[in-house]
Amino acid sequence: MHHIESQHHCHNRRGSVVLATILLALTFVRISLGIALVRARQAQLPAADLTGNWVVRTPNADGTFRLTYFNLKQEGSRITGSIRLTQFYYLIVESTGGAEGFTITGTMKDGKNERRVKYEGKLVRDELRIGTRRRPEDQLTELVAHRTAAGEGALPARIAPPALHKVKDNGLARTPPMGWNSWNKFAGRVDDATVRSIADAMAGNGMKDAGYLYINIDDTWEGGRDPQGNIQTNKKFPDMKALGDYVHKKGLKLGIYSSPGPNTCAGYEGSYGHEDQDARTYAAWGIDYLKYDWCGARTIYTDEEMPAVYQKMGDALLASGRPIVYSLCQYGRLDVWKWGADVGGNLWRTTGDIRDSWDSMTRIGFTQNELAQWARPGHWNDPDMLEIGNGGMSETEYKTHMSLWAILAAPLLAGNDLRSMSPAILAILTNREVIAVDQDKDGKQSTRVWKSGDQEIWTRPLSGGAHAVAVFNRAAETRKLSVRWADLGISRKSRVRDLWEHKDAEGAWPEYSVMIPGHGVVMVRVSR
Ligand code: GLA
């Protein structure tokens, strides 16, 4: 290089051209040599180095394993096969490299969407070091896969969904279910001791008296299956029947969770191919509520097959002979509100997962307007569990959360740690006047009757000719608003009861002027 630079400096044009040509030729020779070398090295490798079934076994704290399978076939520099993990199953559609360094891209259909995953790895002796990045700029999280028996971790064969019929109404959930669910706060950390102490708290802190009834265990209670195919609990739940007895003695009910797929969302054992057997097991344990989460079913079925797949468990629960509330969780796909009741569902999720933030809560809560017509006693739209008390929102925002869910006739499933909440959070969760709106026996879900910028008014007809009215301020600053009752179709002079102030509003006729804090709500009951 020094030599070439010095030639450039003497400004001899002809000399430069000759030298540049030589340099180009040399580079070409170098590249060709490099390619030849790589080819030679590849040729030395055994033809199918990566070929085989590889598994990563990551222990969960409960005796189960998180399993990831790479079933690979290498032909020269082409890698095909599949990747299976938790609820996902990808077919490899692109690959580069070989055993010394490769990438594979997998794809799967998920309803209308395509999911993609990309791994990069290399073979080091008999270990497959393989990893993925969430974003290209992220560090590689490396897993170590070992060879395992062919066929292990293969996706089970498809079972054709049954023909559709109408499942008889189980007569449960005449008002929206109330209780607690483990997921929002505890996720994979829920265990027997936690559930017992949550039941103690709920029975003793006034929540049970206010109507909260179900203690629902979400994902990660599952173990494997015994040789007869019976579902087992994992180490975190040594005796589900005993836990059921404990919860029942408190005057509460116990709920559980599963998936129609081979795996749940967290990758645990699902009910696929064992629906009747699992329903019987739940009944024997004293289970009163099942949340049935699509998850791994996406590896086997299309969205259009959802009704038949959900009907299967609807039938199984009825056949179990025990009254079990049936909660559908498939994120509102395929307009579930139109068929959820027909397959035996008492409630159905209408959206993806809630998070403990103002954005997430309002994005879900304020987009339920079109669904009001589908809610009725026994069959409810479910905008997901409450985040009240989990710390990501202010008390004002949690009051809005509670008010919105109540006026929507949504299930009220607390998702916080009931053993350690502040009196203010307990007061929000146990506001009996707001709960009475949620639990109104007519079961009519609210609709939005007015909106201007960040202000919205939602009303809900209540039994006996009364109305619930919630005035929401989605802006960050306090706003003043005047509500003229006649504009809302309420023309007879009525009593206006403020459900958060717990008193009748004075001078509220024929219009009511309210100051609403930023992200806050004024909620009233208007009745004669
Ligand atoms: C899904 C559901 C959640 C929760 C988790 C558990 O994401 O929508 O509510 O049940 O699975 O894995």
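Cβ neighbours within 10 Å, averaged per peptide: list 82-90, 473-481 in order, most packed at the top. If you can, show how the numbers build up before the last one.
Details: 82-90: 21.2, 473-481: 15.0.
Answer by packing, highest mean first, reads 82-90, 473-481.
For ILE215, what is the net charge nearby, where nearby means another residue's Cβ is under 14 Å from its Cβ and Lys, Arg count +1, Asp, Glu -1?
+1
Can you compute 3J(HN,Hα) from phi for each residue in the range 96-112, using the Karplus curve 6.51 cos²θ - 1.76 cosθ + 1.60 with θ = phi - 60°, rounded to whole Hz and x for Gly and Pro?
Result, ordered by residue: 9, x, x, 4, 7, x, 9, 10, 10, 10, x, 9, 9, 8, 9, x, 7 Hz.
Within the chain, what whole-number % of the accessible surface is contributed by carbon and sulfur, with the 1.4 Å probe and all protein chains included in the calculation?
52
Going through the cross-link list LYS312/LYS338; LYS122/LYS185; LYS451/LYS503, which pairs have a Cα-Cα distance over 28 Å in this structure?
LYS122/LYS185
Give, as a single signed number, the net charge of other residues whose beta carbon lies under 13 Å from the beta carbon of CYS265, with Lys and Arg counted +1 and Asp and Glu -1.
-3
Using a cut-off of under 18 Å, list every residue of the range 73-117 whose amide N is near the label point 7 Å from the Cα of ARG133 along the Cα-to-beta-carbon line.
Taking a point 7 Å out along Cα→Cβ of ARG133, the residues of the range 73-117 whose backbone N falls under 18 Å are 95-97, 101-106, 116-117.
When ranked by the protection proxy of mean other Cβ atoms within 10 Å per residue, highest first, what sequence do the peptides 311-324, 92-105 form?
311-324, 92-105
If you wrap a convex hull around the C-alpha atoms of the range 220-321 and split its volume per residue, what is the figure in Å³?
98
Choose one of PHE102, ALA149, PHE65: the residue whose Cα lies farthest towards the positive end of the charge dipole of the range 59-199 (beta-carbon charges +1 Lys, Arg; -1 Asp, Glu; about the Cα centre).
Highest projection toward the positive end goes to PHE65.
Post the alpha-carbon centroid distance, the range 498-528 to the range 470-497, in whole angstrom.
Their Cα centres are 7 Å away from one another.
Expressed as a whole number of Å, what is the distance separating the alpha-carbon centroids of the range 123-145 and the range 399-422?
The two parts, judged by their Cα centres, are 41 Å apart.
How tilted is helix 192-204 with respect to the longest principal axis of the chain? Cα atoms for both, answer in degrees (0 to 90, nearest 10).
Computed tilt is about 20 degrees.
Angle between the Cα long axis of helix 240-249 and the longest principal axis of the chain, 0 to 90 degrees, nearest 10?
Its long axis makes an angle of about 20 degrees.
Take the alpha-carbon centre of the range 438-454, take the same for the range 205-239, and report the distance between them in whole Å.
Between the Cα centre of the range 438-454 and that of the range 205-239, the gap is 34 Å.
How many nm is it between the label spots at ARG174 and ILE159, if each spot is 7 Å from the Cα in line with the beta carbon?
Between ARG174 and ILE159, the simple spin-label model gives 3.5 nm.
Return the long-range amide H neighbours of ASP110 (sequence gap of 5 or more, or a different chain), with a cut-off of under 5 Å between placed amide H atoms.
For ASP110, the qualifying residues are ARG115.
For the range 69-210, report the translational diffusion coefficient in µm²/s to the nearest whole number, using Stokes-Einstein at 4 °C, 1.567 mPa s, and a Kirkwood Rh over Cα pairs.
On the way: Rh = 19.9 Å.
In µm²/s, the coefficient is 65.
Given the Cα-Cα distance of LEU488 and GLU305 and 0.36 nm per residue of separation, how much length would full extension add, in nm?
61.7 nm
Given a 1.4 angstrom probe, what's the average accessible area per residue across the chain, in square angstrom?
46
Before rounding to the nearest 500, sum -39500 (n - 2.57) across all DSSP H runs of length at least 4 in the chain and divide by the residue total; then give [θ] at 222 nm in deg cm²/dmol.
Values: 12 runs with 131 residues, N = 528.
It lands at -7500 deg cm²/dmol.
Taking a point 7 angstrom from the Cα of ASN60 along the C-beta vector, which residues in the range 176-192 have backbone N less than 20 Å away?
Backbone N within reach: 181-192.
Answer with one residue from VAL437, ILE130, THR86: the one whose Cα lies farthest towards the positive end of the charge dipole of the chain, charges on Cβ with Lys, Arg +1 and Asp, Glu -1.
ILE130
To the nearest 10 degrees, how steep is helix 306-319 against the longest Cα principal axis of the chain, on a 0 to 90 scale?
The angle comes out at about 50 degrees.
How big is the dipole moment of the chain about its Cα centre under a simple scheme where the beta carbon of each Lys and Arg is +1, that of each Asp and Glu is -1, and everything else is neutral? Debye, nearest 20, please.
660
Taking the Cα centre of the range 335-493 as origin, work out the dipole magnitude from +1 charges on Lys and Arg Cβ and -1 charges on Asp and Glu Cβ, in debye rounded to 20.
660
All other residues with a Cβ under 14 Å from the Cβ of ALA160 taken together, and with Lys, Arg as +1 and Asp, Glu as -1, what is their net charge?
Once all neighbours under 14 Å are counted, the net charge is -1.
Among 418-430, 391-403, how do they line up from the highest to the lowest mean number of other beta-carbon atoms within 10 Å? If you can, show how the numbers build up before the last one.
Working: 418-430: 16.5, 391-403: 20.3.
Ranking, from highest mean packing down: 391-403, 418-430.
Using amide H atoms built 1.01 Å from N in the peptide plane, name the residues 5+ places from SER182, or on other chains, whose amide H lies under 5 Å from its own.
ASN216, ASP218
The values are calculated or read from the model by the stated rules, or taken from the named source; none is laboratory data. Source: prediction; values computed, not measured. Ideal geometry is used to build each Cβ from the backbone, glycine not excepted, and the neighbour counts take in all protein chains shown. Side chains are part of the model used for accessible areas, which takes the heavy atoms of the whole protein and leaves out ligands, DNA and RNA. Shrake-Rupley method; radii C 1.70, N 1.55, O 1.52, S 1.80 Å.
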